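Step one of this worksheet: look at the structure below.
Bear in mind these aren't lab numbers, they're just calculated from the coordinates by the rules spelled out. Bear in mind that the values here come from a model prediction, so they are computed numbers and not experimental data. Using ideal geometry, Cβ is built from the backbone for each residue, glycine included, and neighbour counts are taken over all protein chains shown.
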Amino acid sequence: MPFTKFSNLDFDQIRDSIKDYLRANSTFTDFDFEGSNFSVLIDTLAYNTYITAFNSNMIVNESFLDSATLRENVVSLARNIGYVPRSRTAAKASISFNIQTNTTSPTLTLQAGLVCVGSVNDTSYTFSIPENITTIVTNGVATFGTSAEPISVYQGTFLSKQFVVDGSLDQRFLLDNSYIDSSTIVIYVKGIADTGFGREYQKIDNILNVNSTSETYLIQEVQDEKYELLFGDGIFGKKLENGAVITATYIVTDGKEGNGPSSFSFSGRLRGSSDEIVVPSSTPSITTVSAASNGGDIESIDSVKYFAPRLYESQYRAVTARDYQTIIQQIYPNTETVSVVGGEELDPPQFGTVLITIKPKNGEYVSDFDKQQILSKLKNYSLSGINQKILDLKILYVELESYVYYNASQVTNIEDLKTRVTNGLQTYADSRDINKFGGRFKYSKVLSVIDNIDSSITSNITKVKIRRNLKALINDFAQYELCFGNRFHVDPKGMNIKSTGFTISGVNDTVYLSDTPNDDGLTGVMTVVKKDIANNKNVVVIKSAGTVDYVKGEINLTTINITSTVKPNNIIEVQAFPESNDVIGLKDLYLNFAIQNSSINMVRDTITSGEQVSGVGFKVTSSYTNGELTRG
């Protein structure tokens, strides 16, 4: 009797199927399988079948991109559709320094490799450059970088490797080191007639516009996070001649662990115009223009699974928003997430324009230099007639003021309970719902998170606030616009909009932003007020300083001269209560759940604990209050 149906491959069911099969045979009709040694043989058969089924299932899973779990298999499957995962990214610092020397050489060259050592958290990190930097010596002083044009150093160790082309079909050019920052790879090919290292080859990511003489190469990730170099075959890319010498230089980095160093000590090597070694007459003092940042780890398996099919779908052309998102991830590895808005969606429309906002992995802003690099590379993918603009990141902060009621008879350490509430909220903040463009803060989930932290928590009253940071132009007349993308709650008494303190020309006191609703309840007037502490009230300094649209969630300030701000970095925090406790980051707004700026207040529930049976004197918290935003 053959098996005709397999409904389950669990060990117990496989064993039962074997017994059923044997009982169907007349020889074993009355056989006691459980009480005989024959059961051992049946278990062995079932176990072997189970292991075989498990291995077969794993093999099949590893054959498909969406179900594979081993990095080597995921990368291999992505490679089949032309996707190269992003490598580790070296943290980059900007520095400058002067070299005092007694050399008579007219120029001084800073050798590729180790330049300086930086430290953070009692850990030292090496910083290198991938190529030589040459400068002119003036009066015995060589200047490397300035505050306006510093030199960039990359965290990691500079290495090189050479290959000799032997013409065999099975020859592979593998870089032996893991943790390479692929953006620092430099390839030289020295032919028979070439001198020095030969000609520098350019890295490409596709074969568009590549002909038989193009001196190009590609890379692909192989096992153990290493990389292989691929060269042309005489049809797509120039073919390497036998005996050619390939020199590959690159930086091996610690990735995001190298972020942070801001103080550096010089450790570089210098050579004169005649290639002689030059020793500085005194130890150079390095000036840090920007601390090491933007270091990142190799692209995760989940990210490869997500972006590989989308890059293949885009076919290396930027047309849809998804195309832009995928391509920008490739050309700017420091990207955490991207917002792409077509100009036709704006008010008023800007046809033929694409607005791009990038949230870097580290920090909040993309430098002007990186913006230019991204736009330049996008031209290779975009259609003619389409104009791209990269906007600065706009963050919509969501903050809480929560009153958590607890049963005092069940709590021994209030601070510990408060910490657990904060950690629970942080876990939700790290979820996929928020901390992204188009994210959504879900009020009901936050309430559930707080209530479910511990059985001693009886309830919570939580208020939601939304905030934008206004970057002031100090001592300059300017107009400002802040878009929150969410409807504001309107109290006819005003004080729906609040801000941290700042000063303006002509007024000595610290002032604040506020609002006065119009009769329609849809719009209002922005006012500037100062505190009258003696009478515990606000005094209007500027009655009409702008407008507010409560429906659109927009604030517009007329021309104003701000001379200083209470918050550092010329920031004025502007806060409002949303009409809906569910907050959405629309279009180019990056939604951030700011736990560190939220207020968690622990309140004794005297009724539940039995301290006040009748409820007299029970402390009730209002679900909505107005007040001055004076944090910091």
For segment 158-252 (alpha-carbon point model, no solvent) the Debye-based log₁₀ I(q)/I(0) at q = 0.13, 0.15, 0.17 Å⁻¹ works out to -0.42, -0.56, -0.73
Distance in Å, no decimals, from the C-alpha centre of segment 397-474 to the one of segment 313-367 is 31
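Share of antiparallel DSSP beta bridges in the chain, in percent to the nearest 5?
Restricted to the chain, the bridges split so that about 85 percent are antiparallel.
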Among T412, T516, N469, the residue whose Cα sits farthest towards the positive end of the charge dipole of segment 394-632, when +1 is placed on the Cβ of each Lys and Arg and -1 on the Cβ of each Asp and Glu, is N469
Between the modelled labels at Y365 and D176 (7 Å from Cα along Cα→Cβ) the distance in nm is 4.5
Scaled by the rule-of-thumb 2.2 N^0.38 Å, the alpha carbon Rg for the chain gives a ratio of 1.28
In deg cm²/dmol, rounded to the nearest 500, the helical mean residue ellipticity at 222 nm of the chain, built from -39500 (n - 2.57) for every DSSP H run of length 4 or more, is -5500 deg cm²/dmol
Of the listed pairs K371/K445; K305/K361; K226/K377; K161/K239, those with alpha carbons more than 30 Å apart are K371/K445
Filtering the chain for DSSP H helices with an axial alpha carbon extent of at least 27 Å and a Kyte-Doolittle mean of at least 0.5 returns 38-61
Listed with the fewest Cβ neighbours within 10 Å leading, S384, S290, S183 appear as S384, S290, S183
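At a 10 Å Cβ-Cβ cut-off, how would you order I358, I450, fewest neighbours first?
If I rank by nearby Cβ atoms, fewest first, I get I450, I358.
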Segment 491-513 scanned against label point 7 Å out from T563 along Cα→C-beta; backbone N under 19 Å for 500-513
